[in-house]
Amino acid sequence: MNKTYIILAMILIILGLGMFVLESKEQATGLSPEELLFDLNENTRYITADELASRIIDGDPSVQLIDVRDPLAFRNFSLPGAKNLPLANLCSEDVKTFFTIPGKDFILYSNGDVESNKAWVLSQRLGYKRLYILKGGLNHWIATIIKPIRPAETEPREVFDRYEFRLGASQYFTGGEIAPASNTPFETISIERKKKKSAVEGGC
Amino acid sequence: MKEYSTKRLVRAVSVFLLVLIFGFIFMNKKELGFAITTQQTIDFLLEADYQILPEDVAYNVESKEPGFEYVDLRNPYEFNIGNIPGSVNIPQTELLTEKNLDFFKAAQNDSATVVLIGKDEATTTGPWLIMKQIGFDNLKVMRGGWDYYANQQLNRNEMSETPKYMVEQPAFNFAAIMQLMQSESGASQNSDAPEIVVPERKKKKAAVEGGC
Amino acid sequence: MGPLIPLDIIDSSWNNVFAILIGILFGFILESSGFSSSRKLAGVFYGYDFTVLKVFFTAAITAAIGINYFHFLGWIDISLIYVNPAYVLPTIVGGIIMGLGFIMGGYCPGTSFCGAAIGKIDAIVFSVAMGVGIFLFAQFYPLFENFYNSTYLGNITVNEALGIPVSLFMIVLIVVALAAFYVADMVQKKVKKVDY
């Protein structure tokens, strides 16, 4: 047996063992601070209440609302089809699987903008895709969609069009077409997970 | 058995190893990384107090309280329109440049508290979270941002229970409003409302048909 | 061609030029390592020459180590590498058919062209027959289309399928490769030498 072969074999094994070291060093997946800041500079993460309302009314299946408030507030009132994800649960395994559901726009909302921004930054850092924030949160949602204010007569035409749309949307969200939001069953994200798991076993 | 010459093989392996070694030597080491995990950040967020009230900031500015640095994250244009005296303008986009990081490091070494000021609290929270996760513990978010601070005099006169910067406070009793609206809309169900909803839908549908 | 064409640094019309250059290089290396000889190729089945096994196994582990290290160094992004979709049963059947053809003809597709290029008659016949086979396959494709598309697992890698980390899979692969080389050498010594 040639000596060179033994040396070459040793090199191979050392390189192979080196992979373990690389892997442990590479734990930090997701975005780097610069990438995160870059995403933050783009204000594309915001979705307006009007936009969201029209997407829900059109039955857009890609809308996945996520309520980042505490469960109590969520049970009291939430948007249709929303799932409750308090900040404290963000790192759990269920949530990880949930955020990888393909074809969904995950729209985070809270009462205002601040909590949803926090959740957005944290989830964006973990590398989840297609995350959005409801601009102005629920306060803005109620003030514009549910209780639209009649614009002054001097306002331009588009403002009135928007107002008309909001009136209709208000009817839609408070009327009998869908189950009232306060009566929607309390859905947690762990329910979603089972569905996802079976999908993984079957296909991809 | 014919003994093959291993010269070429050895040469190839040496080149491969050299490439790897050079790679490791010249690897662009990420100077900037997150110092704490997401879970740690969440734990911190749930417990610690990282905000500072605009009133306190105003007081500190007036009395020239030592140990505070004010960093304005808005763009230079907005900054020039109005700013807190003595504040430094670091636009959000340039937050992580070397120069500005040096500034934050210097402030950290002086154990000064850096107050971040953005347009409002929501826009300040993101940059603050990034800096926090990088490992700067001495940063605070000013509630309400410049929008509130600039109108402070006005806001103080306003007789409201909750200050305007409490954006996360529910402005309504949501459930009650929904109940109320439902009973109202139930009464006016047959009037103009469906007419508005339906055309909106039709329009959208047509667009989809055309697209596909 | 690497990152150059997708990033528009080089125009995509250069694709074919690069393909030809890489093909020439590949053919040259095949020929210079003696892969245009059907006897040498078939030797792996009869146990008198394991060059094929050694070359391809070494190529696989070298590439795997290289890709993983380069990924760590930030030169390539492993997630952007195209992973062939896995169809388990069709792959097994296809592998058996290819193996049979390999033993009988003494060539695999690439090396048959290599042999044909230096004027070996058996390689030319093999290449032509391969073309006929491809034509027949295409003609009768609807007959076994269902089977062809069955047991689809997606674009999955072995370590993903087994649920083990890449490093563990790599070290196992390396050990298996080294053991295979050793056993191959043992067998080669025992088997009667064939002159070719």
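The values are calculated or read from the model by the stated rules, or taken from the named source; none is laboratory data. No experiment lies behind these values; they were computed from the predicted model shown. All Cβ positions, glycine included, derive from the backbone under ideal geometry; neighbour counts span all protein chains shown.
Structure notes:
- Counting residues in the stretch B:36-49 that are over 26 Å from residue A:87 (Cβ atoms), modelled with pLDDT under 85 and surrounded by fewer than 16 Cβ atoms within 10 Å (Cβ to Cβ) gives zero.
- Filtered residues of the stretch B:62-104 (kept if over 18 Å from the mean Cα position of the chain (by Cα) and within 14 Å of chain A (Cβ to nearest Cβ)): B:98
- Tally, over the stretch C:94-129, of residues that are part of a helix (DSSP H, G or I), under 13 Å from the mean Cα position of the chain (by Cα) and not polar (S, T, N, Q): 6
- Of the helices (runs of 4 or more DSSP H) contained entirely in the stretch C:134-195, those carrying at least 3 residues that are farther than 23 Å from residue C:80 by Cα and touching a helix residue (DSSP H, G or I) at 6+ places or on another chain (Cβ under 6 Å) fall at C:166-190.
- Considering the stretch A:41-63, the residues that are under 15 Å from the mean Cα position of the chain (by Cα) and under 18 Å from residue A:121 (Cα atoms) include one that is modelled with the lowest pLDDT, namely A:44.
- Set A:24, A:32: member being exposed (fewer than 14 other Cβ atoms within 10 Å of the Cβ) and of a type in the set (Ser, Thr, Tyr): A:24
- For the stretch C:163-196, filtering for residues that are surrounded by fewer than 12 Cβ atoms within 10 Å (Cβ to Cβ) and within 20 Å of residue C:83 (Cβ to Cβ) leaves 1.
- Considered as a group, the residues in the stretch C:180-194 that are more than 25 Å from the chain's Cα centre (by Cα) and hydrophobic (A, V, I, L, M, F, W, C) include one that is farthest from the other protein chains (Cβ to nearest Cβ), and that residue is C:194.
- Conditions (1) surrounded by 18 or more Cβ atoms within 10 Å (Cβ to Cβ); (2) within 9 Å of chain B (Cβ to nearest Cβ); (3) farther than 24 Å from residue B:177 by Cα; number of the one not met by residue A:2: (1)
- All positions within the stretch A:42-56 that are acidic (Asp, Glu) and free of Cβ contacts under 8 Å to residues at least 24 places away in the same chain: A:42, A:51
- For residue C:9, the test of being in contact with a helix residue (DSSP H, G or I) (Cβ under 9 Å, 6 or more places away or on another chain), at pLDDT below 85 and not assigned by TED's automatic domain parsing to the domain that holds residue C:171 is failed.
- Condition broken by residue C:94, with the remaining ones in (1) more than 19 Å from residue C:29 (Cβ to Cβ); (2) at pLDDT below 90 satisfied: (2)
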